[in-house]
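Colleague: I am attaching a structure below and will ask some questions about it afterwards.
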Amino acid sequence: MIRIATPDDIPVLHALVRELAAYEKALDEAVASEEQLAEALFGDRPAAYAHVAVADDDSGEVVGFALWFLNFSTWRGVHGIYLEDLYVRPERRGGGHGKALLTELARICVERGYGRLEWSVLDWNAPSIAFYESLGARPQDEWTVYRLTDGALARLGGRDGTP
């Protein structure tokens, strides 16, 4: 049911990323190309990893995915996994694919001695929040995520560093 993604999965991974972006009401922000995704996952210096959920029937259809990368906790002194995206096609939800993907990432954490498996969820996504909490995950309400993108990132990262 769960396997490591391969380069042949890039088209379906790209389609699933776009489906997720549409679900999150941000399709216009999902500008990554198949080529960029392939480079990130399978290029000379992969920076991200992916697992796919395959249908239980004989179709072999990829019905969901988890895309993740390593982070590091200076407090714990060990790596962790940051889950960038978890998505299962709506018609395949409830079949255990999401739980199986998270179980695989948790297994990797335990096997490798990683201290955390963490991710973000949109505050309006009640079904996902309930699902995550049913697995024992707890929100980290005391932290606020900040992000630099586009013009603000370019200004701060400019030669003189002036925001």
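Colleague: Pairs only if they're at least six apart or on different chains, beta carbon under 8 angstrom, first in the stretch 3-28 and within 14 Å of residue 90 (Cβ to Cβ) and polar (S, T, N, Q), second open to solvent by 60 Å² or more (accessible area, probe 1.4 Å) and in a helix (DSSP H, G or I); list them, first residue then second.
Modeller: From residues that are within 14 Å of residue 90 (Cβ to Cβ) and polar (S, T, N, Q), there are no pairs.
Colleague: Looking at (1) over 15 Å from the mean Cα position of the chain (by Cα); (2) surrounded by 12 or more Cβ atoms within 10 Å (Cβ to Cβ); (3) at pLDDT 95 or above; (4) of a type outside the set (A, V, I, L, M), can you tell me which one residue 49 breaks?
Modeller: (1)
Colleague: Taking residue 67 and the conditions (1) within 19 Å of residue 121 (Cα to Cα); (2) surrounded by 12 or more Cβ atoms within 10 Å (Cβ to Cβ); (3) in contact with a helix residue (DSSP H, G or I) (Cβ under 7 Å, 6 or more places away or on another chain), which numbered condition does it fall short on, given that it satisfies the others?
Modeller: Every condition holds for residue 67 apart from (3).
Colleague: Quick one: which residue in 24, 39, 84 is in contact with a strand residue (DSSP E or B) (Cβ under 9 Å, 6 or more places away or on another chain) and acidic (Asp, Glu)?
Modeller: Result of the check over 24, 39, 84: 84.
Colleague: List the pairs whose first member sits in the stretch 59-83 and is polar (S, T, N, Q), whose second member is open to solvent by 20 Å² or more (accessible area, probe 1.4 Å) and assigned to a loop (DSSP other than H, G, I, E, B), and whose Cβ atoms are under 8 Å apart, counting only residues at least 6 apart or on separate chains?
Modeller: 71/116; 73/115; 73/116
Colleague: Another question about this same structure. Looking for something under 18 Å from residue 137 (Cα atoms), small (Gly, Ala, Ser) and modelled with pLDDT of 95 or more - is there at least one such residue anywhere in the stretch 53-61?
Modeller: Checked the stretch 53-61: no residue is under 18 Å from residue 137 (Cα atoms), small (Gly, Ala, Ser) and modelled with pLDDT of 95 or more.
Colleague: Quick test of your reading of the structure: residue 145 fulfils all but one of (1) surrounded by 13 or more Cβ atoms within 10 Å (Cβ to Cβ); (2) within 17 Å of the chain's Cα centre (by Cα). Name the failing condition by number.
Modeller: That leaves (1) as the condition not met.
Colleague: Return the residue satisfying two criteria in turn: it lies in the stretch 4-35 and is closer than 21 Å to residue 81 by Cβ and over 15 Å from the mean Cα position of the chain (by Cα), and of such residues it is surrounded by the most Cβ atoms within 10 Å (Cβ to Cβ).
Modeller: Filtering the stretch 4-35 for residues that are closer than 21 Å to residue 81 by Cβ and over 15 Å from the mean Cα position of the chain (by Cα), the one surrounded by the most Cβ atoms within 10 Å (Cβ to Cβ) comes out as 9.
Colleague: Can you pull out the residues in the stretch 7-33 that are small (Gly, Ala, Ser) and closer than 17 Å to residue 49 by Cα?
Modeller: Across the stretch 7-33, the qualifying residues are 15, 32, 33.
Colleague: Among the residues of the stretch 76-88, is there at least one that is hydrophobic (A, V, I, L, M, F, W, C) and in a loop (DSSP other than H, G, I, E, B)?
Modeller: The answer is no; no qualifying residue exists.
Colleague: Let me ask something additional. Applying the selection to the stretch 74-112, what residues are at pLDDT 95 or above, open to solvent by 10 Å² or more (accessible area, probe 1.4 Å), on the phi < 0 side of the Ramachandran plot and small (Gly, Ala, Ser)?
Modeller: 98, 100, 106
The values are calculated or read from the model by the stated rules, or taken from the named source; none is laboratory data. It should be emphasised that the depicted structure is a prediction, and the values quoted were computed from it without experimental measurement. Note that we place each Cβ from the backbone using ideal geometry, even for glycine, and neighbour counts take in every protein chain shown. Just the protein is used for accessible areas: all its heavy atoms, side chains included, with ligands, DNA and RNA removed. Shrake-Rupley method; radii C 1.70, N 1.55, O 1.52, S 1.80 Å.
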